[in-house]
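Single-structure report; data block below.
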Amino acid sequence: MRNWMLAASAAALAITAPALAERGGHGGGHGGGKDRSAQVERGGGKVKGQADKGRGHAKSEANRGGGKARFSQNVDRGGDRGPNRGHNKAERDDHRSAKAVRVERRDDEGRGRGRDDVRVVRMDDDRRRDAVRVRDFDDDDGFVRRWGQHGFARGFVDGCPPGLAKKDNGCLPPGQAKKWVGTVLPTAFRTSSLTGPYRDWYRDDDRYLYRMGPDGLIYRVNRADNLIDALIPSYLNDYGYYPVGMAYPSPYNFYNVPVQYSSYWPDDDDYYYRYGNGAIYQVDPRTSMIRSIVALLAGDLAVGQRLPLGYNTYNVPLDYRAQYYDTPDAWYRYNDGYIYQVDPTTQLITAVIRALV
Amino acid sequence: MRPTRNLMLVTLAALAITACDNKAANDTAATPEAKETAGDKTLAKGIPADSKLAAALKAAGLDATLAGPGPYTVLAPDDAAFEKLPAGALDTLMKPESRADLTALLTYHILPGTILASDISKAIDAGQGKTVLATMGGGTLTATKEGDSVVLSDGAGGKAKVTQADDKRSNGVIHRIDGVLMPS
């Protein structure tokens, strides 16, 4: 542990090093933010003329992690009840030509295997594994389980995610975390995949990796230089929305809108958008004041997890009801820009079917 | 929230066009008609502008949420419902220092997705007389039926009845209720 801390300190001194400078132009780097005031990073999808404006990962056409374009293709449900369900995922990912062809629905909750390039659909395997794990959860909770600061409320030792606690790497106290920006992601976290709904919100793409760090922070790592370039708070505190009028917390002041919304809310000159504590906020670019809440994210549903309390009721948006309706074989539930498929018998969420925005 | 609204509408229209093309989003101009149509039918527009609920949503910055893509299901207490609160309670909630409490209260009235009265009814039947509903605020509501009406019970032991269901909007649905629900 001491070694990487020393390395981190050394790297922290070089935090404004050229490695973080933006590449500019097409597929512009994130680092443009460093040239501006404060630690604000601009990201998003709008081309505003000047080539030197930093743009987050959401911008690039070929390899955008987000965007509605990939989901607007018809996900044909005709033959997908039963064994063919996995095909939907192949269609979802076909825009990412470079690497990932399909998505692996892993439920390993932080004990990931680090195969971030090639992922394989394993619907049935996952379900078998999921069925074993789900018995740990207690259905009698009076409240919908939320992905809190340390993931689900159970299974954490001393506030650390189980994978990390077992490896005895310890957890960083909050506030130390921002010193990680500009440093190399420690080996311990290179395989820690995102948990729960975050796997559908922040997807590895050609430019960035997302890994779950200590204390429930998500680290965005730039593939080119392997440096952490952004932190995203992953906790969804109950009732903990940032209030309007407060300054958006600076350690997280990077473009971090979840992928399914990134084309809807890109940054531009007048408006920045930031995710945190279960909502997407509109933030003033100059003062970082939170002006309004543009979206609420429940963070309740995730593939591989059990359908939580409070989701027995069908809630698919009207425009999609003709296509996704409950049958004895499959239920559909909406959350945070996605429609999820549920196995009614096991109550397991088996697939993300499509994104709406 | 004029600038927000315009931005929302422009991006909404731009995205609609882009979706047809199956290309990545570019800047495309929105027709004035498209803007107006999209803007008038949102959840935000479905709440009377002079109502206590509208004022509370605006104070909490949630009016923008209800003008966005959603979709959400809004349980909308009418003015009479707010008047049933203890004297001064709403005034206190509207103060800047109570913003977190106000946001918690309002998000307890916002549910994820689009839930129609018939959906709740079916779930109640399947649940042998009741069903639990998740809210964006994190707590849950329990729905039951009294005659033909849906009744919602909150975390504090209170109840409210749906007086007018299924006001379908472009980004969700509004059910008007006769009480303010309390998370705890």
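The values are calculated or read from the model by the stated rules, or taken from the named source; none is laboratory data. The shown structure was predicted, so the numbers you read here are calculated from the model rather than taken from an experiment. So basically every Cβ, Gly included, is an ideal-geometry build from the backbone, and we count neighbours across all protein chains shown.
Among the residues in the range A:313-336, are any of a type outside the set (D, E, K, R), in contact (Cβ under 8 Å) with a residue 60 or more places away in the chain and at positive phi? Looking for residues that are of a type outside the set (D, E, K, R), in contact (Cβ under 8 Å) with a residue 60 or more places away in the chain and at positive phi, one finds none in the range A:313-336, hence no.
In the range B:34-58, which residues are modelled with pLDDT under 95 and among the small types (Gly, Ala, Ser)? Scanning the range B:34-58 gives B:Ala34, B:Ala38, B:Gly39.
Once the range A:236-275 is narrowed to residues that are away from chain B (no Cβ under 12 Å) and surrounded by fewer than 19 Cβ atoms within 10 Å (Cβ to Cβ), the residue that is modelled with the highest pLDDT is A:Ala247.
Matching residues to (1) aliphatic (A, V, I, L, M); (2) touching a His at 6+ places or on another chain (Cβ under 6 Å); (3) more than 14 Å from every other protein chain (Cβ to nearest Cβ):
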site	(1), (2), (3)
B:Gly70	no, no, no
B:Leu75	yes, yes, no
B:Asp78	no, no, yes
B:Glu83	no, no, yes
B:Gly88	no, no, yes
B:Glu97	no, no, no
B:Ala100	yes, no, no
B:Ala104	yes, no, no
B:Ile110	yes, no, no
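Of the residues in the range B:118-125, none is facing chain A (nearest Cβ under 8 Å), out of contact with any helix residue (DSSP H, G or I) (no Cβ under 8 Å at 6 or more places or on another chain), outside any strand (DSSP E or B) and hydroxyl-bearing (Ser, Thr, Tyr).
Where strands (runs of 3 or more DSSP E) sit wholly within the range B:135-184, those with at least 2 residues that are more than 12 Å from the chain's Cα centre (by Cα), free of Cβ contacts under 8 Å to residues at least 60 places away in the same chain and surrounded by fewer than 23 Cβ atoms within 10 Å (Cβ to Cβ) occupy B:140-146, B:149-153, B:159-169.
Of all residues in the range B:129-159, count the ones that are more than 14 Å from chain A (Cβ to nearest Cβ) and over 17 Å from A:Thr313 (Cβ atoms).
At the first step, the residues of the range B:129-159 found to be more than 14 Å from chain A (Cβ to nearest Cβ) are B:146-149, B:151, B:158-159.
When the remaining residues are screened for being over 17 Å from A:Thr313 (Cβ atoms), the result is B:146-148, B:158-159.
So the answer is 5.
Take the conditions touching a strand residue (DSSP E or B) at 6+ places or on another chain (Cβ under 9 Å), under 29 Å from A:Arg306 (Cβ atoms) and assigned to a loop (DSSP other than H, G, I, E, B) and apply them to A:Val257. Does it pass? Write out each step before concluding.
Values: touching a strand residue (DSSP E or B) at 6+ places or on another chain (Cβ under 9 Å): yes; under 29 Å from A:Arg306 (Cβ atoms): yes; assigned to a loop (DSSP other than H, G, I, E, B): yes.
For A:Val257, the condition - touching a strand residue (DSSP E or B) at 6+ places or on another chain (Cβ under 9 Å), under 29 Å from A:Arg306 (Cβ atoms) and assigned to a loop (DSSP other than H, G, I, E, B) - is met.
Assessment of the range B:112-119 against the conditions (crowded, with 18+ Cβ neighbours inside 10 Å, of a type in the set (Gly, Ala, Ser) and in contact with a Pro (Cβ under 9 Å, 6 or more places away or on another chain)) yields at least one matching residue.
Just give me the residues in the range B:60-111 being surrounded by fewer than 24 Cβ atoms within 10 Å (Cβ to Cβ), in contact with a Lys or Arg (Cβ under 7 Å, 6 or more places away or on another chain) and in a loop (DSSP other than H, G, I, E, B), in sequence order. B:Asp78, the sole residue that qualifies.
Do we find that B:Val132 is touching a residue at least 12 places away in the same chain (Cβ under 8 Å) and assigned to a strand (DSSP E or B) in this structure?
Working: touching a residue at least 12 places away in the same chain (Cβ under 8 Å): no; assigned to a strand (DSSP E or B): yes.
So B:Val132 does not fit the description; no.
Considering only residues in the range A:291-309 that are within 28 Å of A:Tyr273 (Cβ to Cβ) and either surrounded by fewer than 24 Cβ atoms within 10 Å (Cβ to Cβ) or more than 11 Å from chain B (Cβ to nearest Cβ) (or both), the one that is farthest from the chain's Cα centre (by Cα) turns out to be A:Arg291.
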